[in-house]
1. Write out, first by first residue and then by second, each pair whose Cβ atoms fall under 9 Å of each other, whose residues are 6+ apart or on separate chains, and whose first residue, in the range 44-65, is on the phi > 0 side of the Ramachandran plot while the second is part of a helix (DSSP H, G or I) and among the β-branched types (Val, Ile, Thr).
2. Checking Asn10 against (1) part of a helix (DSSP H, G or I); (2) free of Cβ contacts under 8 Å to residues at least 24 places away in the same chain, which test does it fail?
3. For the range 6-18, which residues satisfy the criterion of being under 15 Å from Gln66 (Cβ atoms) and surrounded by 18 or more Cβ atoms within 10 Å (Cβ to Cβ)?
4. Considering only the range 22-33, how many residues are in contact (Cβ under 8 Å) with a residue 12 or more places away in the chain and either assigned to a helix (DSSP H, G or I) or closer than 14 Å to Ala2 by Cβ (or both)?
Amino acid sequence: MAKFRVANINCENCANTIKRSLEDEFGKIDVDLSVEPRVVSLDIEDKDIERFKTELDEIGFKVIEQI
């Protein structure tokens with residue numbers, strides 16, 4: 001399981017945008033809206049992390065750091 005702190009996630013609609021846009025490609029994605037900055041979690045192989053971060057950025061959400 002990989003976890004990322006992500007900027008610009010403000011609400012449930014933002015979380016749903018991430019899920020709708022990326023779950024088909026990367027599988028189940030969880031977004032924790034109870035912490036700031038928000039935490040996005042998913043099962044992902046190391047080789048796919050950079051692509052995930054790039055695609056997340058393309059829809060307006062920037063990874064601050066992997067945790």
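The values are calculated or read from the model by the stated rules, or taken from the named source; none is laboratory data. Since the structure is predicted, the reported quantities are computational estimates derived from the model, not experimental observations. Backbone-built Cβ (ideal geometry, glycine too); neighbour counts: all protein chains shown.
1. Gly60/Thr17
2. For Asn10, the failing item is (1).
3. Taking the range 6-18 as the starting set, the residues that turn out to be under 15 Å from Gln66 (Cβ atoms) are 6-7.
Residue satisfying the conditions is Val6 alone.
4. Looking only at that region, the number is 8.
Rundown of residues vs (1) modelled with pLDDT under 95; (2) assigned to a helix (DSSP H, G or I); (3) surrounded by 16 or more Cβ atoms within 10 Å (Cβ to Cβ), yes/no style:
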{"site": "Arg20", "(1), (2), (3)": "no, yes, no"}
{"site": "Val35", "(1), (2), (3)": "no, no, no"}
{"site": "Val40", "(1), (2), (3)": "no, no, yes"}
{"site": "Phe52", "(1), (2), (3)": "no, yes, yes"}
{"site": "Ile64", "(1), (2), (3)": "no, no, no"}
